[in-house]
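Worksheet: the structure to be examined is printed underneath.
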Amino acid sequence: MKGNSNNRPDAIVQMGDKVQVRWNITRNDRTNMDETVTESWDYEYVNCDAPERGAIIRAIMKTKYPLVDDEIAVINNKDLHPEQYDEYQLFRGQVKQIVDEAFQ
């Protein structure tokens, strides 16, 4: 999902019994009608059950591959559709990088 904030958001936020992980945090200031500038931050986010690396990786992976069967199909058909498999591996690497940076 996509979110927006007037302040730079934290990468990991406890929200009740869930954890919200935010990535691709980008400053995108907005100019108002009176020419003043309002600080604005856009980001993508996902809510997950635990603040653990594996749980967060799975939650972000589900944003692109919502069903486990989707991932298994890409993996099992890597010889038939190598471009899909390469795209999957690239995304998987990006997700791990996002999570590792969030925990720094």
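The values are calculated or read from the model by the stated rules, or taken from the named source; none is laboratory data. Bear in mind that the values here come from a model prediction, so they are computed numbers and not experimental data. With ideal geometry, Cβ positions are generated from the backbone for all residues, glycine too; neighbour counts draw on all protein chains shown.
Note on the range 13-36: among residues that are more than 29 Å from Arg53 (Cβ to Cβ) and assigned to a strand (DSSP E or B), the one that is modelled with the highest pLDDT is Thr31.
If I go through the range 57-69 residue by residue, how many of them are in a helix (DSSP H, G or I) and over 21 Å from Lys2 (Cβ atoms)?
Adding up the residues that qualify gives 2.
Mind checking whether some residue in the range 75-89 is surrounded by 16 or more Cβ atoms within 10 Å (Cβ to Cβ) and more than 15 Å from the chain's Cα centre (by Cα)? So far as the range 75-89 goes, yes, one or more of its residues are surrounded by 16 or more Cβ atoms within 10 Å (Cβ to Cβ) and more than 15 Å from the chain's Cα centre (by Cα). The single condition from (1) basic (Lys, Arg); (2) surrounded by 14 or more Cβ atoms within 10 Å (Cβ to Cβ); (3) modelled with pLDDT under 95 that Arg92 fails is (3).
A quick yes/no check of all residues on (1) in contact with a strand residue (DSSP E or B) (Cβ under 8 Å, 6 or more places away or on another chain); (2) over 21 Å from Gly3 (Cα atoms); (3) of a type in the set (S, T, N, Q):
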residue: Val21; (1), (2), (3): yes, no, no
residue: Thr38; (1), (2), (3): yes, no, yes
residue: Asp49; (1), (2), (3): yes, no, no
residue: Ala55; (1), (2), (3): yes, no, no
residue: Gln94; (1), (2), (3): no, no, yes
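Mind listing whichever residues of the range 81-93 are farther than 14 Å from Gly54 by Cα, part of a helix (DSSP H, G or I) and out of contact with any Phe, Trp or Tyr (no Cβ under 9 Å at 6 or more places or on another chain)?
Pro82, Glu83, Gln84, Tyr85, Asp86, Glu87, Gln89, Leu90
Residue count for the range 37-52, restricted to those that are surrounded by 11 or more Cβ atoms within 10 Å (Cβ to Cβ) and either outside any loop (DSSP other than H, G, I, E, B) or among the acidic types (Asp, Glu) (or both): 11. Contact map, the range 82-104: first residue free of Cβ contacts under 8 Å to residues at least 24 places away in the same chain and closer than 18 Å to Ala59 by Cα, second residue part of a helix (DSSP H, G or I) and among the acidic types (Asp, Glu), Cβ cut-off under 9 Å, separation 6 or more or different chains; pairs are Tyr88/Glu71.
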